[in-house]
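Each remark here refers to the structure printed beneath this line.
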Amino acid sequence: MGRPLLPLRSALVPVMAVISGLVAGLLCWIAEGSVPRGDLAGLGAVGLAVPFFNRLLAAEAAERPGEEVRGRG
């Protein structure tokens, strides 16, 4: 078997960010009753979730020996 097309971390970070954005937007829409406010809340949550999940998964990978972690600062 060859190398995967996309590393697992590169696939999980955007998926988890989009899911958290959908949940935040849905909750805001339910609370406010306004679709544009829900959209803005969801987009804001996605923007904040990407670096959060990226660091969270990078910290998890750093605990495993033998794997290189990039982008930590």
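Values in this text are rule-based calculations from the coordinates and carry no lab data. Bear in mind that the values here come from a model prediction, so they are computed numbers and not experimental data.
Fully extended, how many nm does the chain gain between L22 and L8 (0.36 nm per residue separation, minus their Cα-Cα distance)?
Value of the extension gain: 2.9 nm.
Provide the per-residue ³J(HN,Hα) series for region 45-55, in order, calculated from phi with Karplus coefficients 6.51, -1.76, 1.60 and θ = phi - 60°, each as a whole number of Hz, with x at glycine and proline positions.
Along region 45-55, the couplings run 5, 5, x, 7, 6, 4, x, 4, 5, 4, 5 Hz.
Over region 1-48, what lengths in whole Å, largest first, do the semi-axes of the equivalent ellipsoid take, defined as the square roots of 5 times the eigenvalues of the alpha-carbon gyration tensor?
Semi-axis lengths for region 1-48 are 31, 8, 6 Å.
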